[in-house]
1. Could you give every pair whose Cβ atoms fall below 9 Å, whose first residue belongs to the stretch 52-64 and is in a loop (DSSP other than H, G, I, E, B) and at pLDDT below 70, and whose second residue is among the polar types (S, T, N, Q) and surrounded by 10 or more Cβ atoms within 10 Å (Cβ to Cβ), counting only separations of at least 6 or pairs across chains?
2. So which residues in the stretch 17-35 are at pLDDT below 90 and surrounded by 10 or more Cβ atoms within 10 Å (Cβ to Cβ), if there are any at all?
Amino acid sequence: MLAKIAMIAVLIIFGLFAAGLGFGLVATATAPMGYQDDDGFHFGREQATSLEEFHYGVAQPKLV
């Protein structure tokens, strides 16, 4: 009897997990592309206004 209840509980948890994963995938696929700042929501990628805002993965070499 306890094994049946445990199996039902596991199946319910698995079903909720699968439903949440499916909902998350649909929400991600239909989300608008853009960014939000003080002026509101903008479509596309955020444009940097100066060179100081760019972040490079490799440090710039120094003169010797």
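1. Matching pairs, first to second residue: none at all.
2. Once the filter is applied, which keeps residues that are at pLDDT below 90 and surrounded by 10 or more Cβ atoms within 10 Å (Cβ to Cβ), the stretch 17-35 yields Gly34, Tyr35.
The values are calculated or read from the model by the stated rules, or taken from the named source; none is laboratory data. Since we're looking at a predicted model, the values are computed, not measured. Neighbour counts are summed over all protein chains in view; Cβ atoms, including those assigned to glycine, are modelled from backbone coordinates with ideal geometry.
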